[in-house]
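The values are calculated or read from the model by the stated rules, or taken from the named source; none is laboratory data. All figures in this text were calculated on a predicted structure; none of them were measured in a lab. When we count neighbours, we look across all protein chains shown, and the Cβ atoms used for this are built from the backbone with ideal geometry, even at glycine.
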């Protein structure tokens, strides 16, 4: 049998063969990375009994509150003020013919016009309540005496203006006192409203009269 002599391969060729063999092997895929941990679900808030929605109820109309009837303060106010306003008619009526200054005539006319609706309202209240008005001349705040009224009626021009202004200031202060008593003690709505109006307008009138008096 013929034998062949063993041929030694160069070291370099052996290395190449080994490298080629390794390259021929299939590549091993990297293991997939672990899936991200699932996030925990948001906690469901608990609702306590006090937080539970309250069912809406249909609003029911409340019965209208009846207006309070007059008390004793209302009756005194109405019965006194009507007599007080009638004396204001006397004062302002004289100014229309005897006043010397046009300002006095204008003031008197405006003041009388304010009193007229008051007198009509007061008449209606007193009739409804079966209350008699206070007799004229009876004591009341700001009452002008008969003598003072006679002296005023006997004067004219600048003398009248001076007397009228002084008496009108006194009379107006009386009206303010009556109105303030009604506002603090009255229960009848329209009566208290009238008192408010008298105070608002009366305080302005008082300042105007005092200013005019200083100019005399």
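Things worth noting here:
- Near pairs, Cβ below 6 angstrom, 6+ apart or cross-chain, from the stretch 188-207 (assigned to a helix (DSSP H, G or I)) to any residue that is exposed (fewer than 13 other Cβ atoms within 10 Å of the Cβ): 189/67
- Total residues in the stretch 143-174, condition buried (at least 19 other Cβ atoms within 10 Å of the Cβ) and more than 23 Å from residue 215 (Cβ to Cβ): 1
- Test result for residue 100, more than 40 Å from the chain's Cα centre (by Cα) and at pLDDT below 95: no
- The set of residues from the stretch 168-187 being more than 20 Å from residue 85 (Cα to Cα) and assigned to a helix (DSSP H, G or I) comprises 184, 185.
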